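The values are calculated or read from the model by the stated rules, or taken from the named source; none is laboratory data. Model, not experiment: these values are computed from the prediction. When we count neighbours, we look across all protein chains shown, and the Cβ atoms used for this are built from the backbone with ideal geometry, even at glycine. Accessible surface is based on the protein model in full, side chains and every heavy atom, while ligands, DNA and RNA are left aside. Shrake-Rupley method; radii C 1.70, N 1.55, O 1.52, S 1.80 Å.
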Amino acid sequence: MADVPTLVEQARQGRPRAVARLISLVEGASPQLREVMAALAPLSGGAYVVGLTGSPGVGKSTSTSALVTAYRKIGKRVGVLAVDPSSPFSGGALLGDRVRMSDHSSDPGVYIRSMATRGHLGGLAWAAPQAIRVLDAAGCDVVLVETVGVGQSEVEIASQADTSVVLLAPGMGDGIQAAKAGILEIGDVYVVNKADRDGADATARELNHMLGLGEARSPGDWRPPIVKTVASRGEGIDEVVEALEKHRAWMEERGALTERRARRAAGEVEAIAMTALRERIGDLHGDRRLGVLAERIVAGELDPYAAADELIEGVTNGG
């Protein structure tokens, strides 16, 4: 059994091993998970969570690395949560290419963690919200969440981040894909990366046009900016940081940041409750009560909705 209070204290001191151990407890759904979350609750809430999403090949990993560099220049502690389709324990690539983050591997002000999706749709690992809380409580000023490149299912990042960054690149048909995927509805900042390629200006114009076709905005509403970058050379990254800070200030001024975080917490509570309920119902497979309900449905004595109500009542009452 892990010594949770000691791990939390060490994580607050910036010790990577303690942070890694806490996230491992989260990923493994440890029996101590409740204790971990209870200990972290009063310590979290200070980190600014930025989600980066986009189709494969747009340069999310390189952009993430460049943002880490930019935030470190201004003295921010940075946590990176890279959601990877492969297991983080089997030598799978971190951020698509481990070399891209090697510049930060020895920096004590940067913590990088790869997490496996384990089949979870939406581009995020199921344990991502709790892992974000660990990095937050560990003293990270900014947490960058890079989603696995799965295209249309990546919209879930909007529910986990304070600010969502959607990356596109010229020559990849991203404008059309973005419209299909619905990611035009979730972006707070749009980045056209690889802007040194032909077609970058056209991509930015097309994106601007599509955003203009979106919902009508009232005066004072946030208008997502479009920033062109060449992340591999660090070009335009300071402008991305500036756009992120402007969005954060806009949200804080209007109370939108608190509202967004409250929605995030509500979704997390709902997911935990649904998981617990699903597990309890799963325990009933092979249980005679479920069989009896099924027989009554077949006999026409009960409809499926009424049966489900009885089942839920029995589960929630511990029967």
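Can you tell me how many residues within the range 42-58 are over 17 Å from Leu184 (Cα atoms), modelled with pLDDT under 90 and in contact with a helix residue (DSSP H, G or I) (Cβ under 9 Å, 6 or more places away or on another chain)? Qualifying residue count for the region: 2. The number of residues in the range 288-319 being exposed (fewer than 12 other Cβ atoms within 10 Å of the Cβ), small (Gly, Ala, Ser) and within 25 Å of Ala273 (Cα to Cα) comes to 2.
When Arg254 is tested against (1) under 19 Å from the mean Cα position of the chain (by Cα); (2) under 30 Å from Val191 (Cα atoms); (3) modelled with pLDDT under 95, only condition (1) is not met. So, of the residues in the range 39-75 that are open to solvent by 20 Å² or more (accessible area, probe 1.4 Å) and small (Gly, Ala, Ser), which turns out to be nearest to Ser164 (Cα to Cα)? Across the range 39-75, the extreme among qualifying residues is Ser55.
Would you confirm whether or not the range 20-30 contains a residue that is surrounded by 20 or more Cβ atoms within 10 Å (Cβ to Cβ) and in contact with an Asp or Glu (Cβ under 8 Å, 6 or more places away or on another chain)? No, that holds for no residue.
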